[in-house]
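Worksheet for the structure shown next.
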Amino acid sequence: MNKNILYLLFISLSVVNVSCTSEDNSPKRAGKVITVALTPTMDCFPLYVAEKAGIAASCGYALDFQTHASRSDCDTALIYGSAIAIMTDSVRASSLSRKIKDVPDSIKCISADSLSYSYHNNMKYYFFTNHKSRIKKPSQLADRMIALDRNSGEAQVAQRLVDSLKISDKCFLVQMQNINTRVQMLTSNSMDAAVLPEPQATKMRIARHNMIYSVTADSRATSGCLVSVKNHADLKRIYNAAVDTINKYGIHRYDSVMVTCMHMLPEQAAKVPAQKFQKLR
C-alpha cells in the first residue's frame, strides 16, 4: 500500500512539473503576446503571415489576432483595451485621438498621447456593381447608392471620384462599415455599388460582378496605418520582415493563410492578384 501511495505521489509531482515547465516557456507567460485587432484584408496579410510562418516567433513574440469585419470595431478594441494595436487606414487613425478624448476616463484604457503610428501604401480600393446591374462605368453612379465606410480613406477616394465626374450632388455615400455586409448587399443587388478591398474584391470577380473603378491608396491621406500603444517598434519590425518574405516568395506561397485567417476558399485564394507589399515607414 505504501509503495502504491509513493508511486502515485511521484506521478502527480511529475505531471505538475511538466505542466509548470510548459507554462513558463509559453509566450503568454513571458509577457510576449501582442493582441492586434485587424480586418481580413490584404493590408493586414503580412501580420497573418508573420504569425503563421514563424516570423513573429523568431522576433520573440506571438501575435494574437482579433479579426473584425469593420475597422470601427478595431478602434473600439484599442480604446477599451482588448487589443494593444490595430491595423486601420490613415483617415480613421487621424480621428482616434478625438474618439479617445470623448470616452470617459473611467472606462477607457488608453490616452491619446500613448499612440504610435506607422504608415504604408498597401491599401487598394475597388468599386463594384452587381452583374445584373446596368451600371458598367463610374459616370453611371449618378442617383445611386455606394456602400462604404464614411469615416475612412475609401470615402475620400469615393468623394474624389464623384467630384471629378461632377455627380457629387447626385450620389449617395451610404455608411456600411461591415465589409461582409457590403459583400452580401452587393451580391443580392440590394445596393447599387460597394467599395471593397482585397481579397473580398476577388470574390466579386469570381462571381462575375462588375468592377467599374479601382485605385491604390498612394497618398498619406488614404494610406494604411499601424496604430499601437506599446511594442510599436517590434510590431513594425515583424510586419516589415513578413513583407520581405512575401515579396521574395510571392503571396500564393501563403494561400493557406488566406484560407485559415481571411475566410477564403482555396480556389478563391489562388485567384487573388499577386502584389508586392511595401514596408511600414
With Rg and Dmax of the Cα atoms in Å in mind, check [x] 22.5, 92; [y] 26.7, 109; [z] 18.8, 55 and report the label derived from this structure. [x]
Run the accessible area of the chain with a 1.4 Å probe and give the carbon-and-sulfur part as a rounded percent. 52 percent
Karplus ³J(HN,Hα) for segment 182-197 (6.51 cos²θ - 1.76 cosθ + 1.60, θ = phi - 60°; Hz, whole; x = Gly/Pro) runs 4, 4, 5, 5, 5, 4, 8, 6, 8, 10, 5, 8, 8, 9, 9, x
Here the percent of antiparallel bridges among DSSP beta bridges lying wholly in the chain, to the nearest 5, is 60 percent
Could you go through segment 116-122 in sequence order and give the Karplus-derived ³J(HN,Hα) for each residue, using 6.51 cos²θ - 1.76 cosθ + 1.60 with θ = phi - 60°, rounded to whole Hz, and x for Gly and Pro? 10, 10, 9, 10, 8, 10, 9
Heavy-atom accessible area per residue, the chain, 1.4 Å probe: how many Å²? 49 Å²
Between segment 242-267 and segment 69-125, how many Å separate their Cα centres? 26 Å
Report TYR213's accessible area, 1.4 Å probe, all protein chains in place, as a number in Å² to the nearest 10. 70 Å²
Fully extended contour minus Cα-Cα distance, from ASP102 to THR260, at 0.36 nm per residue: 53.2 nm
Accessible area (Å², 1.4 Å probe, nearest 10) - ARG237: 120 Å²
HIS68, HIS131, reordered so the largest accessible area comes first (probe 1.4 Å): HIS131, HIS68
Beyond 23 Å between alpha-carbons counts as too far, so tell me which of LYS136/LYS166; LYS99/LYS170; LYS137/LYS279; LYS124/LYS170; LYS32/LYS230 fall in that bin. LYS99/LYS170; LYS137/LYS279; LYS124/LYS170
Only Cα pairs under 8 Å and at least 6 apart count here; give the relative contact order of the chain as a rounded whole percent. 25 percent
Rounded to whole Hz and in sequence order, give me ³J(HN,Hα) for segment 240-253 from the Karplus expression 6.51 cos²θ - 1.76 cosθ + 1.60, θ = phi - 60°, writing x for Gly and Pro. 5, 5, 5, 4, 4, 5, 5, 5, 6, 9, x, 5, 7, 5
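The values are calculated or read from the model by the stated rules, or taken from the named source; none is laboratory data. Here the structure is a predicted model, which is why all the values come from computation and not from measurement. Only protein heavy atoms, including side chains, enter the accessible area calculation; ligands, DNA and RNA are left aside. Shrake-Rupley method; radii C 1.70, N 1.55, O 1.52, S 1.80 Å.
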